[in-house]
Structure formats: structure tokens, C-alpha cells
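The values are calculated or read from the model by the stated rules, or taken from the named source; none is laboratory data. Keep in mind that what you see is a predicted model, and the values were worked out from it rather than measured. Positions of Cβ are backbone-derived with ideal geometry, glycine not excepted, and every protein chain shown enters the neighbour counts.
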Ligand code: NAD
Ligand code: WQD
């Protein structure tokens with residue numbers, strides 16, 4: 001079976017390509033390298049001893065997509081390609097609406113034309129409204145997004161579910177990721193943010209490796225046990241395995257289903273920093289800074305539906321996540337720049 005992976009050279013895409021290859025799937029990928037390096041897929045090939053058919057190009061390039069579907073017999077698409085920097089989406093909204101919405105529109109247009117109507121989409125916990133009770137369930141309220149990035153995920157969910165409603169040949173799975181961290185245990189592939197990291201774990205690992213002086217913890221006056229925000233961190237390899245489970249589902253069903261991919265466990269920022277230091281033996285200096293605009297105090301997933309319907313559950317611990325993030329960062333202090 002052949003899977004087209006858009007954004008396959010990125011953080012989650014490269015880990016998913018690796019899992020797919022190890023399970024014997026054929027992998028075709030397209031990536032425009034806007035936030036990645038082809039080195040990631042070269043290393044996936046090295047780790048698995050298998051090859052990926054890689055196209056460098058943009059998912060909005062309709063002619064290229066038609067060429068990819070003509071040259072390969074694709075059974076299903078996993079659509080990771082997208083821009084994901086929340087702050088940048090606030091300053092350059094058009095870029096996010098153009099990239100994230102038009103990539104999906106062009107992709108699904110070509111898919112419909114060639115009769116491949118199975119798609120798994122990278123959505124996000126960010127689509128949930130801020131006033132829900134925890135844990136967030138798939139039927140919790142969505143909308144009221146606080147930034148254009150979040151709206152692109154919300155709108156893409158609407159586009160794909162509307163298509164599946166109108167044409168029952170479509171099979172759509174929307175996966176709402178919580179906070180992916182960690183790396184393949186080899187330390188050969190991992191998250192390689194450009195510039196100053198927005199997210200907690202890459203910031204911690206860059207402090208630990210000496211690229212940054214200290215971590216700013218955004219807020220210690222929240223109504224949580226230690227005053228810092230609580231999130232549901234999930235190991236990227238567990239997340240990749242969630243996509244494998246979703247492939248089985250999407251191949252056997254029609255319509256549109258949404259699943260959370262999280263652990264169901266909440267971890268505070270301070271707990272994360274302390275677990276990182278325990279798992280790695282490396283000190284992470286930090287200071288408390290003011291709250292970051294838009295942060296919710298607490299966010300974690302309900303996991304019953306993905307366990308019951310997909311038969312998938314995250315297995316790795318917070319300790320595993322910290323150890324593996326550090327394996328990647330310590331072996332590749334400057335990310336993929338170091339070959
Ligand atoms: P990433 O930036 O590492 O990967 C995205 C990949 O898509 C990159 O390799 C980039 O070059 C490529 N890309 C972007 N636009 C493209 C286009 N128009 N054509 C071709 N390639 C394009 O990000 P990631 O963390 O691996 O995230 C993958 C997906 O999961 C994204 O859609 C993201 O929004 C979503 N997601 C990520 C997180 C997270 O915290 N990492 C959480 C929830 C959802
Ligand atoms: C986690 C916690 C910060 C950095 C984001 C997106 C979301 C989704 C996942 C894509 C928060 C704190 C962080 C730092 C800190 N992405 N923090 N110092 O905000 O939960 O989710 O990534 O869909 O849409 O918003 O993740 O890693 O940025 O923050 O104290 O330098 O760490 O305040 O409490 P977030 P994060």
C-alpha cells in the first residue's frame with residue numbers, strides 16, 4: 001500500500017514516514033522545504049534501509065500533484081504540510097490562510113479527480129474553544145480560535161468534513177494533536193525549529209545544549225498546583241503510530257471522524273523542566289517571566305475515543321520524551337545543519 005505524505009520532511013512527517021516504512025508501506029512524500037531539510041528523509045532512509053520517493057515542491061502546485069498521482073498508485077494521503085508558527089500567523093495572516101487552506105483545496109481537488117478519496121489531516125487541540133471543561137473530548141466545543149493559525153485548522157476541518165458529508169465516497173480522519181515532543185530514540189531525526197523556538201521543549205533543549213542562556217517560564221501565577229501552565233505532551237513516535245492506526249481506519253470507513261491524539265495526562269511547565277533535568281542530568285536554568293498572551297492555564301486530551309475506535313494509546317512516558325528530545329539535540333546541536 002502506498003501513502004502520500006505531504007510535509008513528510010518536517011518533524012512529525014519524518015517520524016511518521018519512518019514508522020510507515022518499518023511496517024512495509026510504500027512512502028511517497030512532497031515537501032517544499034519551507035520549514036525542513038531533505039536531510040531528515042535521507043536519515044529516515046538510512047535508519048530503515050528503505051527508500052522514500054521524495055518530491056521537492058509545493059502542495060499548492062496542482063501540476064506537480066497531478067504528476068505525483070500519475071507516477072504513483074496512491075491509496076491514502078496524510079496531509080501534514082502546513083505552516084504552524086502561531087505568533088507569525090498573527091503578524092502575517094494571509095501567508096497562513098494561503099498556505100494552509102490552498103494546499104488542502106488543491107490537494108483534495110486533485111485527489112477527487114484521480115479518485116483517491118482517503119485523507120488523514122493534521123489538526124490540533126487549538127481548534128477547541130477556550131471555555132471547555134477538561135479533558136477535551138472530540139465533541140467538546142470548537143471555534144473561537146485566538147490566532148489565524150488556529151483558524152486555518154478549524155476551517156480545514158470544516159472543508160474536509162463538508163466534502164465527506166456531500167460525497168460519501170470520501171473517508172476523512174481529522175487528528176487533533178496535543179503537544180508533540182520527543183524524537184526517534186536513535187537521536188538521528190527530531191524537531192529542528194528555525195530561529196528562536198516558540199515551543200517549550202525545543203527551547204529547553206537549546207538551553208541545555210548551550211545555544212540559549214535560560215528558559216523563560218511564562219507565568220507562575222496560574223490556578224494550577226505549582227502556578228505554571230499544564231499541557232498534554234505526547235511523544236512524536238506515539239503520534240506517528242496514531243497515524244498508522246488512522247490509516248487502517250480510513251481504509252475501512254467512509255465519512256469523517258475526528259480523534260484526539262494525546263496521552264490524557266497533564267504536565268506543568270515546572271514538572272517538565274524538572275523531569276528533563278532528571279532524565280538527562282543536564283541543568284536548565286530558568287526564570288519566571290510574565291504570562292504569554294493567549295495561553296490557557298490547563299489543556300489535556302480525553303483519550304477514550306481513539307483507544308476504543310482506533311485501538312491506539314500513547315505508551316511513552318514523560319521521561320522517555322525528555323530523554324529522546326535530548327538524544328536528538330545533544331547529537332545535533334545545530335539541528336540538520338550538522339550532517
Ligand atoms: P513542520 O513544520 O516540521 O512540518 C511541516 C512540513 O510541511 C515542513 O517540512 C514544511 O516544509 C512543509 N510544508 C509547509 N507548507 C508546505 C506546502 N505548501 N507545500 C509543501 N510542503 C509544505 O511541522 P510539524 O510539527 O511536523 O507539523 C506537521 C503538521 O501538524 C502541521 O500541519 C502542523 O500544523 C500540525 N500540528 C503540529 C503540532 C506541533 O506542535 N508540532 C501540533 C498540532 C498540529
Ligand atoms: C507549552 C507551555 C507556555 C515556551 C502550541 C500551539 C498549539 C499546538 C502546539 C500546533 C505553555 C510554556 C513555552 C517557553 C514557556 N501547535 N512555555 N516558555 O502553546 O501549548 O501549543 O504548540 O497546532 O497550537 O499553540 O505549546 O510548547 O508553546 O507551550 O514557559 O519558552 O510552555 O507558556 O504553558 P502550546 P508551547
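Overview of results
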quantity	calculated
Strands (runs of 3 or more DSSP E) fully within segment 29-126 counting 1 or more residues that are touching a residue at least 40 places away in the same chain (Cβ under 8 Å) and within 16 Å of ligand 2 (Cβ to nearest atom)	76-79, 118-124
Residues of segment 319-339 that turn out to be touching a strand residue (DSSP E or B) at 6+ places or on another chain (Cβ under 9 Å) and over 13 Å from residue 193 (Cβ atoms), as a count	4
Test: residue in segment 228-251 that is touching a strand residue (DSSP E or B) at 6+ places or on another chain (Cβ under 8 Å), surrounded by fewer than 14 Cβ atoms within 10 Å (Cβ to Cβ) and part of a helix (DSSP H, G or I)	yes
Check on residue 59, touching a helix residue (DSSP H, G or I) at 6+ places or on another chain (Cβ under 6 Å) and surrounded by 18 or more Cβ atoms within 10 Å (Cβ to Cβ)	yes
Selection within segment 181-202 - more than 9 Å from ligand 1 (Cβ to nearest atom) and surrounded by 15 or more Cβ atoms within 10 Å (Cβ to Cβ)	182, 183, 184, 186, 187, 188, 189, 190, 197, 200, 201, 202
The lone exception for residue 294 - which of (1) at pLDDT 95 or above; (2) within 16 Å of ligand 2 (Cβ to nearest atom) it fails	(1)
Whichever residue in segment 277-317 is more than 13 Å from residue 262 (Cβ to Cβ) and within 16 Å of ligand 1 (Cβ to nearest atom) and, among such residues, is surrounded by the most Cβ atoms within 10 Å (Cβ to Cβ)	296
Residues (assigned to a loop (DSSP other than H, G, I, E, B), under 19 Å from the mean Cα position of the chain (by Cα) and under 17 Å from residue 75 (Cα atoms)) located in segment 8-28	8
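Conditions (1) more than 9 Å from ligand 1 (Cβ to nearest atom); (2) closer than 25 Å to residue 9 by Cα, marked per residue:
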| position | (1), (2) |
| --- | --- |
| 87 | yes, yes |
| 95 | yes, yes |
| 117 | yes, yes |
| 149 | no, yes |
| 161 | yes, no |
